[in-house]
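First the structure, in the form of structure tokens, and then the observations on it.
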Amino acid sequence: MRTTLRISEIFHSLQGETRRMGLPTVFVRLTGCPMRCGYCDSAYAFTGGKTLEIDVIMQQIRDFGCKTICVTGGEPLAQKAVHLLFAQLCDEGFDVSVETGGGQPIDTVDPRVSRVLDIKTPGSGEMHNMHWPNVDAVNQNDEIKFVLVDRADYEWARDKVRAEQLELRAPVIFSPVWESLKPADLAQWVIDDRLPVRVQVQLHKILWGDKPGV
Ligand SMILES: C[S@@+](CC[C@H](N)C(=O)[O-])C[C@H]1O[C@@H](n2cnc3c(N)ncnc32)[C@H](O)[C@@H]1O
Ligand SMILES: Nc1nc2[nH]cc(C(=O)O)c2c(=O)[nH]1
Ligand code: SF4
Ligand SMILES: [Mg+2]
């Protein structure tokens, strides 16, 4: 089994998404992704990066002195050695979440890790690459996230939440694509439809803009 990971960046910031929003967090961004969502704000992580031993990654993480870790990418689950990183982080008592685009099975992820599962919408251009059994694998320790391009995406996601009562499986987040869908429009639609989902705007972009390392 490989004991290295291809890493795009490791940085310390505030969690800008999910139920951990606002918490100081160390981000580990893995290089490479099999998907190409039209709106991707992390396309700089598709290539490049550095190959690092997991021991080295663990030491860099410890050096930040922060117990909350978010493993993201690119697509973190596309590198099998990520599971070794999950196990070591959890064994050392870190609070770990992973952001996944949903193209890889999530049932192999350490159960101590909170899985943030994107359901890719028609507007992402990547719906056909979803691994749909993932939706049955989530639990209340996880989150389901829809990133929405426009009104058509919203209606599609709303109908899916209603048809499958997704809010009973895990908390559901609706997040607007940055500078594409107006957050106030999304907020009003959710209120009008009495949808049991959480509207979320990316906090780090409000604070620091749309750039790597924050
Ligand atoms: C960059 S992705 C990396 C992890 C994984 N590949 C995924 O898609 O979940 C992290 C999160 O950022 C979201 N995201 C990417 N670009 C965005 C944008 N322009 N506006 C809002 N959210 C975006 C993705 O949908 C995903 O929920
Ligand atoms: N501050 C901050 N919070 C985040 N939460 C999820 C992120 C991601 O890119 O997956 C992210 C990110 O890039 N920055
Ligand atoms: S799956 Fe995630 S990293 Fe990959 S293209 Fe889509 S948003 Fe970007
Ligand atoms: Mg991001």
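The values are calculated or read from the model by the stated rules, or taken from the named source; none is laboratory data. A quick note: this is a predicted structure, and the numbers were derived from the prediction, not measured. Every residue, glycine among them, receives a Cβ derived from its backbone with ideal geometry; neighbour counts consider all protein chains shown.
Assorted remarks:
- Residues that are touching an Asp or Glu at 6+ places or on another chain (Cβ under 7 Å) and either within 11 Å of ligand 3 (Cβ to nearest atom) or among the charged types (D, E, K, R) (or both), drawn from segment 105-115: Arg115
- The number of residues in segment 70-89 being within 16 Å of ligand 3 (Cβ to nearest atom), in contact with a helix residue (DSSP H, G or I) (Cβ under 7 Å, 6 or more places away or on another chain) and part of a loop (DSSP other than H, G, I, E, B) comes to 1.
- Residue in segment 40-53 that is touching a Pro at 6+ places or on another chain (Cβ under 7 Å) and under 18 Å from Asp142 (Cα atoms) present: no
- Condition check for Asn141 on (1) under 30 Å from His12 (Cβ atoms); (2) of a type outside the set (D, E, K, R); (3) in contact (Cβ under 8 Å) with a residue 60 or more places away in the chain: one failure, at (3).
- Flag if Asp153 is over 22 Å from Gln15 (Cβ atoms) and within 16 Å of ligand 3 (Cβ to nearest atom): yes
- Conditions (1) within 13 Å of ligand 2 (Cβ to nearest atom); (2) surrounded by 16 or more Cβ atoms within 10 Å (Cβ to Cβ); number of the one not met by Thr4: (1)
- In segment 11-69, the residue that is surrounded by the fewest Cβ atoms within 10 Å (Cβ to Cβ) out of those that are hydrophobic (A, V, I, L, M, F, W, C) and part of a strand (DSSP E or B) is Phe11.
- Condition met for Lys211 (assigned to a helix (DSSP H, G or I), modelled with pLDDT of 95 or more, within 14 Å of ligand 1 (Cβ to nearest atom) and out of contact with any Ser or Thr (no Cβ under 9 Å at 6 or more places or on another chain)): no
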